[in-house]
């Protein structure tokens with residue numbers, strides 16, 4: 001399935017393996033969270049990058065131990081109205097995860113901007129909508145009221161725009 | 001079929017996508033704003049055909065929220081079993097000056113009057 | 001009142017463009033109805049019984065005359081010449097076309113208004129005391145915090161696909177006119193010994209299918225922690241609120257299923273875990289917002305107004321209006337004038353475009369350009385000189401806006417019911433009209449005293465029937481409308497949920513039933529005892545006997 005990432009459409013080079021599927025010798029693999037728990041010891045030695053498909057009912061704190069080894073976390077959307085993964089994404093970023101965070105399942109173009117703001121940076125986009133619509137929808141709004149959001153695509157926060165003088169890191173460096 | 005007969009069956013209704021107007025599926029396969037123009041499907045097979053037609057027109061983005069309801073045709077006019085459908089076919093009971101009832105495309109049978 | 005700065009303006013303008021694009025994709029078929037529905041709902045657009053319905057946000061119920069005039073313009077250009085003020089201090093139009101909606105939103109944006117989050121499973125319009133900034137009993141104006149919450153909750157990326165809708169109310173007065181105990185989150189202002197402001201946080205109140213009084217999770221939350229704490233509550237709800245059954249998806253069910261202590265512990269744990277640097281309420285931002293809510297330039301006036309007293313002595317109708325519709329203002333020489341949208345036999349909350357313009361004009365001339373919408377579906381001129389009350393009343397009276405019944409039997413709250421709403425199981429408006437006619441005699445209403453009659457046309461309880469002193473719930477029994485009566489509800493600081501009295505009634509029998517209840521109260525009351533107090537003392541028994549004894 002194609003991915004939307006960093007404002008362009010790319011192919012997905014990760015190999016997704018199920019709970020019972022044989023594990024390839026090497027290559028970048030994504031495993032279900034249950035398998036990560038079960039085979040953690042051997043997975044750490046896997047020749048290739050490691051990703052996990054997290055679920056909506058597990059707690060993010062449980063991921064802390066695995067974070068240094070993970071290069072991809074996939075959060076599924078069972079339906080596009082199920083918003084749990086928005087909170088999970090933000091929590092995962094709050095505990096310090098910085099690598100790829102992917103939205104999978106039922107995702108609509110009009111939701112991508114919110115997803116970017118809570119910390120997702122890649123999206124399984126299927127073939128329901130054209131690339132054009134995905135790209136356009138991901139930059140519908142250029143402003144957000146909430147602070148501390150991810151601000152891709154030049155999006156601005158009302159707070160910091162409004163109180164520029166109060167944000168020292170936004171000040172121009174002094175000459176000399 | 002004589003004009004005095006009473007037929008029972010189902011009517012297919014929806015809202016027109018672009019303006020939300022309440023519409024009913026007619027014999028010709030078009031949607032009427034007037035409930036009296038609706039086709040009454042008395043047989044399960046005909047009802048299934050109506051439903052299929054409704055789904056097609058939903059996919060064609062003509063209408064939305066398609067469903068069917070129980071009704072009778074009495075002396076050429078449609079009487080919906082449920083008050084909700086009678087209100088939909090007329091307009092609000094508290095504003096006789098508004099909706100289909102005020103614009104000459106209301107159903108024949110009044111919803112209950114105010115209490 | 002709050003005025004948009006360039007950022008607010010840009011935000012709303014972009015939001016309109018976004019909706020215009022979404023609506024055109026829907027009309028062209030690029031979006032299915034299932035895909036479009038949550039998008040249109042988050043812009044206040046429903047598909048109702050006769051057409052689309054657009055619900056427009058009136059944040060914390062505050063309007064300027066320019067805004068109210070624009071609502072009148074919209075009513076005439078795109079609707080049928082009237083609007084309906086709701087129990088969330090909003091206004092809705094019932095005859096909207098999808099193809100016109102983006103144009104309407106553009107028109108609203110011109111006057112700093114929008115329909116963002118007036119529907120959908122997101123944080124809804126924040127409501128407050130309709131007398132905010134004017135009431136004599138107020139600690140402080142709650143609207144700056146209302147605006148802070150409005151901005152924070154607008155298009156919040158984490159909390160736009162919640163298990164269910166989410167309602168927040170805020171009050172700055174000890175006498176709760178904002179019903180904070182029956183909201184998903186209620187915020188109530190307190191001052192501590194040092195005079196610092198803090199907020200009591202109540203969670204899990206609500207009406208609907210399962211009416212519940214909220215529980216206090218924090219007694220005194222320092223103001224700068226408010227947004228961070230709200231985020232912790234919202235996150236716990238978003239992650240753990242039920243999504244398998246929409247009737248069990250509100251936060252009250254989560255609070256109930258976890259238990260208040262476990263729920264509080266979850267929130268506190270989430271709160272303790274999170275960094276708050278980005279959610280701290282910054283003093284300068286609160287000050288920036290508060291400056292817009294600075295009191296108007298009140299004149300120094302004597303408490304006693306000769307003009308007013310003379311008019312009141314001379315004109316009995318005016319005197320009756322003053323008795324019920326005028327409330328005490330915190331500034332000498334001023335008053336709060338409540339404009340009833342409940343004329344005898346009228347549709348509660350409806351106002352014509354002409355009436356909107358009349359009120360807008362009065363606000364401009366006499367009330368520092370401010371209008372409020374109350375959750376009782378009335379309008380308020382919050383700051384008027386007592387000297388001007390008679391002139392105001394004359395204009396209201398000439399335009400069918402001077403019903404002297406605020407807080408009395410005629411001041412009925414009613415949802416649109418089956419006449420307009422596709423969720424309704426029975427009609428509410430005709431019931432309200434028939435009760436209103438039955439109690440048309442104003443002397444009798446005054447004799448009865450304060451009485452809240454609330455009517456909902458279905459279990460979702462938009463008419464707040466659970467917290468009516470007398471509540472009426474319309475249901476459907478095999479295609480027939482019938483009405484269940486509850487007694488003893490209240491949404492005040494001593495909130496309570498009404499008790500179902502017994503079997504329901506056919507619509508035409510409801511006014512008789514209400515009359516029997518009222519007569520029972522009159523027969524049993526002690527001197528000066530109001531309906532609710534009498535009910536609480538007497539219990540349901542005498543009322544049950546009066547209603548069902550003969551049966």
Neighbour-count ranking for C:190, C:465 (other C-beta within 10 angstrom, fewest to most) reads C:190, C:465
How many nm separate the modelled label positions at residue A:79 and residue C:523, each set 7 Å beyond the Cα in the direction of the Cβ?
-> 5.2
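Tell me, Kirkwood radius of the stretch A:73-126 from alpha-carbon pair distances, in Å?
Values: mean 1/r = 0.0922 Å⁻¹.
Over the stretch A:73-126, the inverse of the mean reciprocal pair distance is 10.8 Å.
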Cα pair distances in chain B, grouped into 5 Å bins until the bin that holds the longest one, percent each | 2, 13, 22, 25, 20, 12, 5, 2, 0
With both partners inside the stretch C:413-548, how many of the DSSP beta bridges are antiparallel, as a percent to the nearest 5?
-> 70
Exercise: per-residue mean of other protein chain Cβ atoms within 10 Å, B:89-97 = 5
Rg and Dmax of chain A, using alpha carbons, in Å: what are they?
-> 18.1, 64
Cα pair count fraction exceeding 28 Å, expressed as % - the stretch C:266-409 | 33
Quick one: check the C-alpha center-to-center distance for the stretch C:463-487 versus the stretch C:1-65, whole angstrom.
-> 32
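With a ≥ b ≥ c the root eigenvalues of the C-alpha gyration tensor of the stretch C:413-548, is it rounded (a/c under 1.5), prolate (a/b larger than b/c) or oblate? Intermediate values should be presented prior to the final figure.
Details: a/c = 1.66, a/b = 1.58, b/c = 1.06.
Taking the square roots of the gyration eigenvalues as a ≥ b ≥ c, the stretch C:413-548 is prolate.
Taking every DSSP beta bridge that has both residues in chain C, what percent is antiparallel when rounded to the nearest 5? The partial results should precede the final answer.
Numbers: 52 of 65 bridges.
Here the share of antiparallel DSSP bridges comes out near 80 percent.
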Cα-based Rg of the stretch C:6-110 per 2.2 N^0.38 Å, rounded to two decimals?
-> 1.05
Spacing of the two label points (7 Å from each Cα toward its C-beta) at residue A:95 and residue C:273, in nm | 0.7
Would you please report the Å³ per residue occupied by the convex hull of the alpha carbon atoms in the protein assembly as shown?
-> 203
With r as the distance between the Cβ atoms of residue C:344 and residue C:175 and R0 = 45 Å, compute the FRET efficiency 1/(1 + (r/R0)^6) and round to 0.05.
-> 0.95
Ranked B:24, C:318, criterion: other C-beta atoms within 10 Å, fewest first = C:318, B:24
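Rounded to the nearest 5, what % of the DSSP beta bridges within the stretch C:142-290 are antiparallel ones? Intermediate results must be reported in sequence, preceding the final value.
Working: 13 of 17 bridges.
Here the antiparallel bridges make up roughly 75 percent for the stretch C:142-290.
Against the empirical 2.2 N^0.38 Å scaling, what ratio does the C-alpha Rg of chain C come to?
Cα-based Rg divided by the globular estimate yields 0.94.
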On average, how many beta carbons from a partner chain sit within 10 Å of the beta carbon of a residue in C:83-95?
-> 1
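Relative to the present Cα-Cα distance, how much length would full extension add between residue C:537 and residue C:398 at 0.36 nm per residue of separation?
Values: separation 139, 0.36 × 139 = 50.04 nm, distance 4.20 nm.
Taking residue C:537 through residue C:398 to full extension adds about 45.8 nm, to one decimal.
How long are the three semi-axes of the equivalent ellipsoid of the stretch B:30-84, in whole Å, if each is the root of 5 times an eigenvalue of the C-alpha gyration tensor, listed from largest down? Numbers along the way, then the final one.
Working: eigenvalues 82, 35, 22 Å².
Three semi-axes, in Å: 20, 13, 10.
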How many angstrom separate the Cα center of the stretch C:209-233 from the Cα center of the stretch C:108-175?
-> 14
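Taking N as the number of residues in the stretch C:496-551, what value does Rg over Cα atoms divided by 2.2 N^0.38 Å take? Walk me through the numbers before you get to the answer.
Details: Rg = 11.5 Å, N = 56, 2.2 N^0.38 = 10.2 Å.
The value comes to 1.13.
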Evaluate the Kirkwood expression for the hydrodynamic radius of the stretch C:142-290, namely the inverse of the mean inverse distance over all pairs of different C-alpha atoms, and round to one decimal in Å.
-> 15.6
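Can you give the mean number of other chain Cβ atoms that lie within 10 Å of the Cβ atoms in peptide C:148-160? Don't skip to the answer; put the middle values down first.
Numbers: counts 1, 0, 1, 4, 4, 2, 4, 9, 8, 18, 13, 6, 4.
Mean inter-chain Cβ contacts per residue within 10 Å come to 6.
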Between the stretch B:8-69 and the stretch C:342-419, the Cα center-to-center distance that results, in Å | 42
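Bear in mind that the values in this text are calculations on the coordinates, not laboratory data. Remember, it's a predicted structure, so these values are computed and weren't measured experimentally. Positions of Cβ are generated from backbone atoms using ideal geometry, with glycine treated the same way; all protein chains shown enter the neighbour counts.
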